[in-house]
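Student: Before I ask anything, let me first share the structure, which is written out below as structure tokens.
FYI, it's all coordinate maths here, none of it is from the lab. Since we're looking at a predicted model, the values are computed, not measured. Note: ideal-geometry Cβ built from the backbone for every residue, glycine included; neighbour counts use all protein chains shown.
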């Protein structure tokens, strides 16, 4: 998800038209800024990733959803 705004340890992040508040506590030793991309799980940013890595992840998710047999 892309960081849209930061307030302390909480970031407003967005991806594909969906916005969420994400906790940055686990990244307190890694500087993040508006415009950065982060990998998020259950509301926590786990790691900072490049825009290219984020784009590749979304492409992979799309491929899995389009795979035969996926309901």
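Student: Within the range 16-58, whose backbone N sits under 14 Å from a point 7 Å along Cα→Cβ of residue 6?
Tutor: 22-39, 45-49
Student: Once both labels are modelled 7 Å past Cα along the beta-carbon direction, what's the residue 44-residue 57 spacing in nm?
Tutor: 1.5 nm
Student: Working from Cα positions, state the angle (0 to 90°, nearest 10) between the long axis of helix 51-66 and the longest principal axis of the chain.
Tutor: Once rounded, one gets 30 degrees.
Student: So how do 49, 3 line up by other beta-carbon neighbours within 10 Å, fewest first? Each step should come with its number before you reach the end.
Tutor: Values: 49 17, 3 20.
Lowest to highest Cβ neighbour count: 49, 3.
Student: Do the sum for the chain: with -39,500 (n - 2.57) for every DSSP H run of n ≥ 4, divided by all residues, what is the mean residue ellipticity at 222 nm, to the nearest 500 deg cm²/dmol?
Tutor: Values: 1 runs with 16 residues, N = 71.
Helix contribution divided over all residues of the chain: -7500 deg cm²/dmol.
Student: Could you give the length gained by full extension between residue 16 and residue 65, i.e. 0.36 nm per residue of separation minus their alpha carbon distance, to one decimal place? Walk me through the intermediate numbers first.
Tutor: Details: separation 49, 0.36 × 49 = 17.64 nm, distance 1.52 nm.
Roughly 16.1 nm would be gained on extension.
Student: Moving on to the next point. Using the Kirkwood radius over C-alpha pairs as Rh, can you work out the diffusion coefficient of the range 2-66 via Stokes-Einstein at 10 °C, viscosity 1.306 mPa s, in µm² per second? Could the numbers behind the result be given before it?
Tutor: Numbers: Rh = 12.1 Å.
Reported coefficient: 132 µm²/s.
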